[in-house]
1. Restricted to the stretch 16-41, and to residues that are hydroxyl-bearing (Ser, Thr, Tyr) and assigned to a strand (DSSP E or B), which residue is nearest to residue 63 (Cα to Cα)?
2. Residues being hydrophobic (A, V, I, L, M, F, W, C), in a strand (DSSP E or B) and without any contact (Cβ under 8 Å) to a residue 60 or more places away in the chain: count how many of those fall in the stretch 97-130.
3. Please go through the stretch 18-39 and give me each residue that is out of contact with any Phe, Trp or Tyr (no Cβ under 7 Å at 6 or more places or on another chain), touching a residue at least 24 places away in the same chain (Cβ under 8 Å) and not hydroxyl-bearing (Ser, Thr, Tyr), ordered by number.
4. From the residues in the stretch 67-94 that are of a type in the set (A, V, I, L, M, F, W, C) and over 12 Å from the mean Cα position of the chain (by Cα), which one is surrounded by the most Cβ atoms within 10 Å (Cβ to Cβ)?
5. Considering only the stretch 104-122, state which residues are modelled with pLDDT under 90, farther than 21 Å from residue 34 by Cβ and either surrounded by 12 or more Cβ atoms within 10 Å (Cβ to Cβ) or hydrophobic (A, V, I, L, M, F, W, C) (or both).
6. Can you name the residue in the stretch 115-133 that is within 19 Å of the chain's Cα centre (by Cα) and basic (Lys, Arg) and, of all such residues, is nearest to residue 104 (Cα to Cα)?
7. Determine which member of the set 88, 60 is free of Cβ contacts under 8 Å to residues at least 12 places away in the same chain and hydroxyl-bearing (Ser, Thr, Tyr).
8. For the condition modelled with pLDDT under 90 and either farther than 13 Å from residue 23 by Cα or surrounded by fewer than 12 Cβ atoms within 10 Å (Cβ to Cβ) (or both), what is the one hit in 98, 136?
Amino acid sequence: MISAKASCLCGAVKITAKDVNPKFTVCHCVTCREWGGSAFFAVECGTSIEIEGEDKVKMYASSSWATRGFCSDCGTHLFFKFSESGDYNMSVGIFKNLSDLEMDLQYYSDQRPDYYCFSNKTKELSKAEIMDSLGL
(Lines give C-alpha, C1' and ligand atoms only; values in the text may rest on other atoms or scores of the structure.)
Protein backbone atom coordinates (compact mmCIF):
# COMPACT_ATOMS: atom_id res chain seq x y z
CA MET A 1 0.00 0.00 0.00
CA ILE A 2 1.11 3.53 -0.72
CA SER A 3 0.04 7.02 0.35
CA ALA A 4 -1.06 9.50 -2.31
CA LYS A 5 -2.69 12.90 -2.75
CA ALA A 6 -5.51 13.69 -5.14
CA SER A 7 -7.79 16.56 -6.06
CA CYS A 8 -10.76 17.37 -8.19
CA LEU A 9 -10.42 19.34 -11.41
CA CYS A 10 -11.06 22.74 -9.81
CA GLY A 11 -9.06 22.02 -6.63
CA ALA A 12 -11.99 22.60 -4.22
CA VAL A 13 -11.64 19.03 -2.93
CA LYS A 14 -8.27 17.64 -1.90
CA ILE A 15 -7.86 14.06 -0.73
CA THR A 16 -5.07 12.23 1.06
CA ALA A 17 -5.39 8.46 0.83
CA LYS A 18 -3.03 6.60 3.15
CA ASP A 19 -3.60 3.04 1.89
CA VAL A 20 -3.77 3.09 -1.91
CA ASN A 21 -3.63 -0.36 -3.46
CA PRO A 22 -1.49 -0.07 -6.64
CA LYS A 23 -3.49 -2.92 -8.20
CA PHE A 24 -6.43 -1.00 -9.64
CA THR A 25 -9.85 -2.26 -10.61
CA VAL A 26 -12.23 -1.52 -13.47
CA CYS A 27 -16.00 -1.68 -13.10
CA HIS A 28 -18.18 -2.25 -16.18
CA CYS A 29 -21.57 -2.09 -14.43
CA VAL A 30 -24.34 -0.09 -16.05
CA THR A 31 -24.35 2.46 -13.20
CA CYS A 32 -20.60 3.17 -13.49
CA ARG A 33 -20.88 3.53 -17.26
CA GLU A 34 -23.87 5.87 -16.96
CA TRP A 35 -22.09 7.88 -14.24
CA GLY A 36 -18.90 8.51 -16.17
CA GLY A 37 -19.62 7.55 -19.76
CA SER A 38 -17.39 4.48 -19.60
CA ALA A 39 -15.92 1.95 -17.20
CA PHE A 40 -14.87 3.24 -13.77
CA PHE A 41 -11.12 2.87 -13.11
CA ALA A 42 -10.50 2.86 -9.36
CA VAL A 43 -7.88 2.26 -6.72
CA GLU A 44 -8.98 0.67 -3.47
CA CYS A 45 -8.12 3.00 -0.59
CA GLY A 46 -9.76 1.49 2.49
CA THR A 47 -10.99 3.93 5.12
CA SER A 48 -7.81 5.93 5.85
CA ILE A 49 -8.91 9.00 3.91
CA GLU A 50 -8.61 12.71 4.70
CA ILE A 51 -10.81 15.06 2.70
CA GLU A 52 -10.20 18.81 2.60
CA GLY A 53 -13.16 20.72 1.20
CA GLU A 54 -15.62 18.04 2.31
CA ASP A 55 -18.44 20.63 2.12
CA LYS A 56 -17.95 20.53 -1.67
CA VAL A 57 -18.41 16.74 -1.86
CA LYS A 58 -21.90 15.79 -3.02
CA MET A 59 -22.96 12.23 -2.19
CA TYR A 60 -25.36 10.15 -4.26
CA ALA A 61 -26.76 6.82 -3.01
CA SER A 62 -26.45 4.83 -6.24
CA SER A 63 -27.53 1.55 -4.62
CA SER A 64 -28.66 0.18 -1.28
CA TRP A 65 -25.06 -0.76 -0.50
CA ALA A 66 -22.94 2.13 -1.84
CA THR A 67 -22.70 5.85 -2.52
CA ARG A 68 -20.75 7.90 -5.04
CA GLY A 69 -19.03 11.17 -4.30
CA PHE A 70 -18.31 14.01 -6.67
CA CYS A 71 -17.26 17.66 -6.46
CA SER A 72 -20.30 19.93 -6.39
CA ASP A 73 -18.33 22.73 -8.11
CA CYS A 74 -16.65 21.01 -11.07
CA GLY A 75 -18.39 17.61 -11.14
CA THR A 76 -15.22 15.51 -10.87
CA HIS A 77 -16.03 11.91 -9.98
CA LEU A 78 -14.11 11.29 -6.77
CA PHE A 79 -15.09 7.93 -5.31
CA PHE A 80 -17.39 4.99 -4.82
CA LYS A 81 -17.91 4.23 -1.11
CA PHE A 82 -19.29 1.04 0.41
CA SER A 83 -21.99 1.88 2.95
CA GLU A 84 -21.35 -0.97 5.39
CA SER A 85 -17.53 -0.98 5.57
CA GLY A 86 -16.86 2.67 4.70
CA ASP A 87 -14.18 1.56 2.21
CA TYR A 88 -13.42 3.96 -0.63
CA ASN A 89 -12.65 3.11 -4.23
CA MET A 90 -11.15 6.34 -5.59
CA SER A 91 -11.06 7.34 -9.22
CA VAL A 92 -7.56 6.60 -10.55
CA GLY A 93 -7.52 9.82 -12.58
CA ILE A 94 -7.70 12.18 -9.61
CA PHE A 95 -4.26 11.07 -8.41
CA LYS A 96 -1.58 13.07 -10.22
CA ASN A 97 1.53 11.09 -9.31
CA LEU A 98 0.63 7.43 -9.02
CA SER A 99 3.02 5.16 -10.85
CA ASP A 100 3.59 1.44 -11.31
CA LEU A 101 -0.14 0.70 -11.28
CA GLU A 102 -1.41 -2.66 -12.48
CA MET A 103 -4.93 -3.53 -13.62
CA ASP A 104 -5.87 -6.45 -11.39
CA LEU A 105 -9.61 -7.04 -11.52
CA GLN A 106 -12.61 -6.26 -13.71
CA TYR A 107 -16.00 -6.10 -11.98
CA TYR A 108 -19.27 -6.86 -13.78
CA SER A 109 -17.38 -8.37 -16.70
CA ASP A 110 -20.65 -9.84 -17.95
CA GLN A 111 -21.99 -6.28 -18.37
CA ARG A 112 -18.99 -5.01 -20.38
CA PRO A 113 -20.33 -3.75 -23.72
CA ASP A 114 -18.94 -5.25 -26.89
CA TYR A 115 -17.56 -1.92 -28.17
CA TYR A 116 -14.43 -2.08 -25.98
CA CYS A 117 -12.14 -4.61 -24.34
CA PHE A 118 -8.81 -4.60 -22.52
CA SER A 119 -5.83 -6.74 -23.37
CA ASN A 120 -4.71 -6.84 -19.72
CA LYS A 121 -4.87 -10.29 -18.16
CA THR A 122 -6.99 -9.81 -15.01
CA LYS A 123 -9.39 -11.63 -12.77
CA GLU A 124 -13.02 -11.03 -13.76
CA LEU A 125 -16.18 -11.19 -11.67
CA SER A 126 -19.73 -11.33 -13.04
CA LYS A 127 -22.69 -9.51 -11.49
CA ALA A 128 -23.87 -12.75 -9.86
CA GLU A 129 -20.44 -13.40 -8.32
CA ILE A 130 -20.26 -9.85 -6.92
CA MET A 131 -23.77 -9.93 -5.45
CA ASP A 132 -22.99 -13.31 -3.87
CA SER A 133 -19.75 -11.99 -2.32
CA LEU A 134 -21.68 -9.05 -0.84
CA GLY A 135 -24.43 -11.31 0.49
CA LEU A 136 -27.05 -9.59 -1.67
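The values are calculated or read from the model by the stated rules, or taken from the named source; none is laboratory data. For clarity, every value in this text was computed on a predicted model and none was experimentally measured. Don't worry about glycine lacking a Cβ; one is built from the backbone with ideal geometry, like all the others, and counts go over all protein chains shown.
1. The first filter runs over the stretch 16-41 and keeps only residues hydroxyl-bearing (Ser, Thr, Tyr), leaving 16, 25, 31, 38.
Adding the requirement that they be assigned to a strand (DSSP E or B) leaves 16, 25.
Values: 16: 26, 25: 19 Å.
The qualifying residue nearest to residue 63 (Cα to Cα) is 25.
2. Quick first cut of the stretch 97-130, residues hydrophobic (A, V, I, L, M, F, W, C) only: 98, 101, 103, 105, 117-118, 125, 128, 130.
Now drop any that are not in a strand (DSSP E or B), which leaves 103, 105, 125.
Next cut, without any contact (Cβ under 8 Å) to a residue 60 or more places away in the chain only: 125.
Of the residues in that region, 1 qualify.
3. Applying the first criterion (out of contact with any Phe, Trp or Tyr (no Cβ under 7 Å at 6 or more places or on another chain)) to the stretch 18-39 yields 18-23, 30-31, 33-39.
Narrowing further to those that are touching a residue at least 24 places away in the same chain (Cβ under 8 Å): 18-23, 30-31, 33, 35-36, 38-39.
Listed by number, the residues that qualify are 18, 19, 20, 21, 22, 23, 30, 33, 35, 36, 39.
4. Our first condition is that a residue be of a type in the set (A, V, I, L, M, F, W, C); within the stretch 67-94, this holds for 70-71, 74, 78-80, 82, 90, 92, 94.
Imposing the further condition that a residue be over 12 Å from the mean Cα position of the chain (by Cα) reduces the set to 71, 74.
Details: 71: 21, 74: 13.
Among those residues, the one meeting the criterion is 71.
5. Of everything in the stretch 104-122, just one residue is modelled with pLDDT under 90, farther than 21 Å from residue 34 by Cβ and either surrounded by 12 or more Cβ atoms within 10 Å (Cβ to Cβ) or hydrophobic (A, V, I, L, M, F, W, C) (or both), namely 122.
6. 123
7. Working: 88 fails: free of Cβ contacts under 8 Å to residues at least 12 places away in the same chain.
Only one candidate passes the filter, namely 60.
8. Values: 98 fails: either farther than 13 Å from residue 23 by Cα or surrounded by fewer than 12 Cβ atoms within 10 Å (Cβ to Cβ) (or both).
Of 98, 136, the one residue that is modelled with pLDDT under 90 and either farther than 13 Å from residue 23 by Cα or surrounded by fewer than 12 Cβ atoms within 10 Å (Cβ to Cβ) (or both) is 136.
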